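One structure below.
The values are calculated or read from the model by the stated rules, or taken from the named source; none is laboratory data. Quick caveat, the model's predicted, so the values are computed rather than measured. We place every Cβ from the backbone using ideal geometry, glycine too, and count neighbours over all the protein chains shown. For the accessible areas, the whole protein counts, side chains as well, though only heavy atoms, and no ligand, DNA or RNA atoms are used. Shrake-Rupley method; radii C 1.70, N 1.55, O 1.52, S 1.80 Å.
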Amino acid sequence: MTNRAWVTLATNDSYGLGALVVAHSLRRVGSAYPAVVLITPSVTDAMRERLSAVFEVVTVDVLDSQDAAHLALLQRPELGITFTKIHCWNLTQYEKCVFLDADILVVQNCDELFEREELSAAPDVGWPDCFNSGVFVFTPSADTFSRLIKFAQERGSFDGGDQGLLNSFFSDWSSDNNKRLPFLYNVTSAAFYSYLPALKHFGQNLKIIHFIGPAKPWLQHYNFESQSVDAPEHLKGFLQVWWNLFTSQVHNQLDEAMGNLEQP
Ligand code: UDP
Ligand code: MN
């Protein structure tokens, strides 16, 4: 079915590296659906070209347009990346989409997510009555997009980012169990520290890993000689999976022109 797509976002080349791994992780698990990446003009041409090998690339540029999103952004400059993310609702050529942050890794086929309704997402470990906005099922709609922009302009976001905004807008999420995805669809790296026995017990069923926080996989130190990543033991396993995919599928295909990214 071509009216369904995975969607991610990269506003710079650094997150572009993450997006490339997202796309290859979807291929590796044999997803039947295509992937779209939203980018902004700050992504270099070289990265754009790499992305276009595995994604449909859609450029969004809230700053140059004189539309409602632009006006809202002038009033709420702190929501810059959030506004870029909610552009995903404009992908109305698709009927159903699943948004994935660029810092995630799909480790098992999750195509069943497309059977879910808007807005389905997994709980956030920091506050489980909120959903984590790194993985969510949504229905593209120009109307929802403009209502989101209006809502953001009037109310802002309680955490300054897309997660606060989306949780306030889709506030029925916490009372509708059908929209609560199992945590396995968005296992955030904080959980690796906080509940190791559960990770050990349920780890085989993991579907999507999400490397939240500032320590992104592509910013870790990787030893190309020993082909291993330097990280605490419990994090190492997942980071190694990310790096194995990066070195086998992405790194060896990067241009000379992108040499500065070869050791991110
Ligand atoms: N993002 C981006 N550029 C940025 C920051 C974020 O493109 O400078 C996108 C990217 O897709 C990223 C998502 O927004 O995965 C959410 O940000 P991040 O994953 O850093 O937040 P966290 O999951 O750590 O809260
Ligand atoms: Mn993230």
Relative contact order (%) - criterion: Cα under 8 Å, at least six apart; region: the range 1-126: 36 percent
Size descriptor, Kirkwood hydrodynamic radius, that averages inverse alpha-carbon separations across the chain, Å: 18.9 Å
Of 80, 160, 16, the one that fluctuates the most in a GNM where the chain has Cα springs shorter than 10 Å: 160
Dipole magnitude (debye, nearest 20) for the range 6-72, charges at Cβ of Lys, Arg, Asp, Glu: 420 debye
Over the chain: helical MRE at 222 nm, DSSP H runs n ≥ 4 each giving -39500 (n - 2.57), nearest 500: -10000 deg cm²/dmol
Surface share of carbon and sulfur [accessible, 1.4 angstrom probe, percent] for the chain: 51 percent
Mean-position separation - Cα centroids, the range 25-67 and the range 126-194, in angstrom: 22 Å
Size-normalised alpha-carbon gyration radius of the range 177-242, reference 2.2 N^0.38 Å: 1.21
Hydrodynamic radius by Kirkwood, which averages 1/r over all alpha carbon pairs of the range 65-196, in angstrom: 15.4 Å
Selection from 88, 190, 245 lying farthest towards where the dipole of the chain points positive, charges on Cβ: 190
All Cα pairs of the range 103-155, percent lying beyond 12 Å: 74 percent
Rg(Cα)/(2.2 N^0.38 Å) for the range 14-74, N = residue count: 1.32
Highest-fluctuation residue, 214, 182, 140 considered, GNM on the chain with Cα pairs under 10 Å: 214
Compactness of the range 1-115, expressed as Rg and Dmax over alpha-carbon positions, Å: 14.2, 43
Average accessible surface area per residue within the chain, 1.4 Å rolling probe, Å²: 45 Å²
